Amino acid sequence: MRTAACLNRIAPYLFAQIDAKRDALVEQGVDVISLGIGDPDMPTPDHIVEAMREAVRKSENHQYPDYAGSLAYRTACAQWMESRFGVTLDPKTEVLALIGSKEGIFHLHTAFVDPGDYVLAPSIGYPVYSGGATLMNAQTYYMPMREESGFLADFEHVPDEVLSKAKIMFIGYPNNPTGAVATDEYFDRAIAFCLKHDLLLAHDNAYSEIGFDGYRAPSILERPHAMECCIEFFSLSKAYNMTGWRIGFAAGNAKAVSALGTVKNNLDSGQFTAVQDAAIQALSGSQQCIDDMRAIYERRRDLVVDALCAIGVECKKPKATIYVWAKVPEGYTSESFATKVLEEAHVIVTPGSGYGPDGEGYIRISLTTPDERLLEAAKRIKEIG
Ligand code: MLT
């Protein structure tokens with residue numbers, strides 16, 4: 001049996017590796033605190049679960065779903081985009097249901113990238129941007145992302161020989177893992193750059209709803225000319241505690257949405273319509289649950305940053321996302337510090353290097369763990385100091 005060569009070029013998924021380490025320790029009876037994956041510990045709000053209960057009973061939902069998503073779901077997505085960002089979309093041509101935004105981001109490569117092409121990805125970013133390129137036998141060019149530039153990916157110095165073979169440029173703000181946010185001016189420059197170089201601009205907006213201190217993230221589709229070159233990815237996972245439900249959507253340029261739809265209708269048969277019905281309830285029902293959740297994450301953010309600063313770990317309070325991005329102490333790499341923290345404090349943190357080259361020297365801490373476990377984790381990290 002011979003597997004595809006691209007499998008030799010890709011590492012196991014970052015969080016699959018971390019899960020394996022956690023499981024091995026848990027099997028030995030160790031009390032592991034996981035601050036690794038961003039998987040909300042709070043339940044999906046009741047009104048969404050109730051909508052699912054009803055939807056599951058409907059026999060019409062037991063048949064194949066619509067490939068692009070039910071028109072009712074796509075309409076709810078478009079209405080949410082209008083009320084949240086003032087962006088007007090045609091649900092039939094500019095919105096596509098996804099089985100989670102990870103799935104859509106991966107398959108965008110299938111729709112746009114041929115072997116040997118380039119994908120421009122932030123040098124610190126969601127691993128699927130580059131993983132999708134590798135599995136399509138394409139190449140990733142990492143755009144530098146430095147703390148002194150606010151972790152805004154620098155697309156202005158991409159070499160011409162790369163640009164001539166590039167098809168997609170990925171960015172994502174609020175940013176996973178750094179928590180950085182983008183300005184309108186940055187988005188406008190990115191749009192102008194992609195229009196000039198005939199690139200699809202893929203904006204990952206999975207954390208749009210988790211902003212702190214009054215910050216509310218925009219959609220890139222609000223910006224002038226965005227609809228000419230942008231596709232934006234939204235996820236219900238973090239906003240509505242629905243990671244396990246696998247539901248999101250893509251919105252934006254009709255040609256890009258249609259290309260992604262063609263890939264998807266050839267390889268999947270859509271998300272269970274009952275899940276889409278529950279997602280309609282999430283998007284169109286009361287949004288109080290998001291305010292409540294934001295307040296919890298904001299409190300946890302303060303608690304973790306204060307605790308880490310008190311023990312000499314350098315980090316700043318992010319304006320958004322469910323992550324704290326911290327510098328590793330002198331003398332460690334991301335990996336060696338994450339390993340020490342796991343082996344000696346039994347706390348899982350994600351090594352920054354797992355997000356790309358400029359992630360070296362950092363760790364990411366997820367806030368998706370109850371306050372007392374977060375404090376216990378900080379205490380354990382202090383003890384191994
Ligand atoms: C994260 O922790 O970065 C994401 O939740 C992981 C994922 O989406 O696979």
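Considering only segment 38-58, state which residues are within 16 Å of the ligand (Cβ to nearest atom) and either more than 30 Å from A259 (Cβ to Cβ) or in a helix (DSSP H, G or I) (or both). Working first, answer last.
Pass one, segment 38-58, residues within 16 Å of the ligand (Cβ to nearest atom): 38-42, 44.
Those that are within 16 Å of the ligand (Cβ to nearest atom) and either more than 30 Å from A259 (Cβ to Cβ) or in a helix (DSSP H, G or I) (or both): D39, P40, D41, M42, T44.
Tally up the residues in segment 1-37 that are part of a loop (DSSP other than H, G, I, E, B) and closer than 30 Å to Q288 by Cα, please.
Restricting attention to segment 1-37, the residues satisfying the condition of being part of a loop (DSSP other than H, G, I, E, B) are 1-4, 10-13, 28-32, 35-37.
Among the residues that remain, those that are also closer than 30 Å to Q288 by Cα are: 35-37.
Within segment 1-37, residues that are part of a loop (DSSP other than H, G, I, E, B) and closer than 30 Å to Q288 by Cα number 3.
Scan segment 337-347 and tell me whether some residue there is among the charged types (D, E, K, R) and under 29 Å from L152 (Cβ atoms).
Initial filter on segment 337-347 (among the charged types (D, E, K, R)): 340, 343-344.
Those still in the list that are under 29 Å from L152 (Cβ atoms) too: none.
Within segment 337-347, none of the residues are among the charged types (D, E, K, R) and under 29 Å from L152 (Cβ atoms).
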For segment 135-158, check the following and say yes or no: at least one residue is out of contact with any strand residue (DSSP E or B) (no Cβ under 7 Å at 6 or more places or on another chain), closer than 27 Å to I247 by Cα and surrounded by 23 or more Cβ atoms within 10 Å (Cβ to Cβ). no
If you take the residues of segment 291-329 that are among the small types (G, A, S) and in a helix (DSSP H, G or I), which of them is farthest from the ligand (Cβ to nearest atom)? A310
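Counting just the residues of segment 18-37 that are without any contact (Cβ under 8 Å) to a residue 24 or more places away in the chain and over 30 Å from A282 (Cα atoms), which one comes out nearest to the ligand (Cβ to nearest atom)?
Of segment 18-37, the ones without any contact (Cβ under 8 Å) to a residue 24 or more places away in the chain are 19-20, 23-24, 26-29.
Adding the requirement that they be over 30 Å from A282 (Cα atoms) leaves 20, 23-24, 26-29.
Numbers: A20: 15, D23: 17, A24: 20, V26: 19, E27: 23, Q28: 25, G29: 26 Å.
In this case the residue turns out to be A20.
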Can you confirm whether segment 121-133 contains a residue that is surrounded by fewer than 17 Cβ atoms within 10 Å (Cβ to Cβ) and not basic (K, R)? no
For the subset of segment 266-293 comprising residues that are aliphatic (A, V, I, L, M) and within 15 Å of C77 (Cα to Cα), which member is surrounded by the most Cβ atoms within 10 Å (Cβ to Cβ)? A279
Considering only segment 201-223, state which residues are over 17 Å from the mean Cα position of the chain (by Cα) and closer than 25 Å to H109 by Cα. L221, E222, R223
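Let me confirm something: among Y240, Y297, which residue is at negative phi, of a type in the set (F, W, Y), buried (at least 16 other Cβ atoms within 10 Å of the Cβ) and outside the structural domain of E185 (by TED's automatic domain parsing)?
Working: Y240 fails: outside the structural domain of E185 (by TED's automatic domain parsing).
From the options Y240, Y297, the qualifying one is Y297.
Quick one: which of V305, V263 is touching a residue at least 60 places away in the same chain (Cβ under 8 Å) and surrounded by fewer than 22 Cβ atoms within 10 Å (Cβ to Cβ)? Before the answer, list the steps.
On the way: V305 fails: touching a residue at least 60 places away in the same chain (Cβ under 8 Å).
When all the criteria are applied, what remains is V263.
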N61 fails exactly one of the following numbered conditions: (1) more than 15 Å from the ligand (Cβ to nearest atom); (2) surrounded by 11 or more Cβ atoms within 10 Å (Cβ to Cβ); (3) assigned to a helix (DSSP H, G or I); (4) under 24 Å from the mean Cα position of the chain (by Cα). What is the number of that condition? (4)
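For segment 250-283, enumerate the residues that are in contact with a strand residue (DSSP E or B) (Cβ under 7 Å, 6 or more places away or on another chain) and at negative phi.
Within segment 250-283, the first condition is being in contact with a strand residue (DSSP E or B) (Cβ under 7 Å, 6 or more places away or on another chain), and the residues that meet it are 250-253, 256-257, 260-261, 270-271, 276.
A250, A251, N253, A256, V257, L260, G261, Q271, Q276 - these are the residues of segment 250-283 that are in contact with a strand residue (DSSP E or B) (Cβ under 7 Å, 6 or more places away or on another chain) and at negative phi.
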Being within 16 Å of the ligand (Cβ to nearest atom), touching a helix residue (DSSP H, G or I) at 6+ places or on another chain (Cβ under 7 Å) and not in a helix (DSSP H, G or I), is that true of even one residue in segment 67-76? no
Can you name the residue in segment 152-182 that is under 29 Å from I37 (Cβ atoms) and among the aliphatic types (A, V, I, L, M) and is also nearest to the chain's Cα centre (by Cα) among such residues? I171
Take segment 4-17 and flag every residue that is within 16 Å of the ligand (Cβ to nearest atom) and among the polar types (S, T, N, Q). Q17
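Count, please, the residues in segment 337-362 that happen to be assigned to a helix (DSSP H, G or I) and either among the aromatic types (F, W, Y) or without any contact (Cβ under 8 Å) to a residue 24 or more places away in the chain (or both).
Within segment 337-362, residues that are assigned to a helix (DSSP H, G or I) and either among the aromatic types (F, W, Y) or without any contact (Cβ under 8 Å) to a residue 24 or more places away in the chain (or both) number 5.
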Please enumerate the residues belonging to segment 229-285 that are part of a loop (DSSP other than H, G, I, E, B) and more than 15 Å from the ligand (Cβ to nearest atom). N253, D268, S269, G270, Q271, F272, G285
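Every residue, every condition in (1) away from the ligand (no atom under 16 Å from the Cβ); (2) assigned to a loop (DSSP other than H, G, I, E, B), yes or no:
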{"position": "L89", "(1), (2)": "yes, yes"}
{"position": "K92", "(1), (2)": "yes, yes"}
{"position": "L96", "(1), (2)": "yes, no"}
{"position": "I105", "(1), (2)": "no, no"}
{"position": "V119", "(1), (2)": "yes, no"}
Hey, among the residues in segment 363-384 that are without any contact (Cβ under 8 Å) to a residue 40 or more places away in the chain and within 27 Å of N241 (Cα to Cα), which one's nearest to the ligand (Cβ to nearest atom)? I363
Need at least 3 residues that are assigned by TED's automatic domain parsing to the domain that holds M242 and free of Cβ contacts under 8 Å to residues at least 60 places away in the same chain per element, so show me which strands (runs of 3 or more DSSP E) inside segment 128-225 make the cut, counting only ones lying wholly within it. 139-143, 166-171
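The values are calculated or read from the model by the stated rules, or taken from the named source; none is laboratory data. Note that the coordinates shown come from a computational prediction; the quantities given were computed from them, not determined experimentally. A quick note on method: Cβ atoms are made from the backbone with ideal geometry, for glycine too, and the neighbour counts reach across all protein chains shown.
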